[in-house]
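Since every read-out is calculated from the coordinates, none of them should be taken as a lab result. Every value quoted in this text rests on a predicted model; they were computed, and no experiment measured them. Positions of Cβ are backbone-derived with ideal geometry, glycine not excepted, and every protein chain shown enters the neighbour counts.
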Amino acid sequence: MTLGEKRRRFSKMLALLLHYIEFLGVDYALDQGKRCKDCHNTHPRSTHKVGLGQDIILYAPGGIYPHPTEKQIHTSLHDFWDLLGGAKRIAADLNHYSLEHNGVR
């Protein structure tokens, strides 16, 4: 699969994930999406640099951050992400959702 095909697939999967978050009644914001190739604030081969990674911040009602049950919600979201065919979750970075590319998730 080409990078362009992966990016289009990732975009559709992300849209489904965001709808699922809405279904759960959780408020969210997208954070740290596509990063420039020169970005030093990340893994050298980060999926963010090729447009295949997205971080999602969860808010409790009233805009309270962090959401008090953030870990549990991200666990549910990653279960759904797995069903969609997303990359395996990174335990130390639960708000990260991606597609694997060249061995990086």
Excluding near-sequence neighbours (fewer than 8 apart on one chain), the range 3-98 holds lysine pairs with C-alpha atoms under 20 Å apart numbering 12
In degrees rounded to 10, the 0-90 angle between helix 3-24 Cα long axis and the longest Cα principal axis of the chain is 0 degrees
Low-density loop trypsin sites (Lys or Arg not before Pro), the range 54-101, at most 12 other Cβ within 10 Å, DSSP non-H/G/I/E/B, are Lys88
Measuring from the longest principal axis of the C-alpha atoms of the chain, the long axis of helix 70-84 (C-alpha) lies at a number of degrees, nearest 10, equal to 50 degrees
Between Phe23 and Leu83, the two model label points (7 Å from Cα along the beta-carbon direction) sit apart by a distance in nm of 0.6 nm
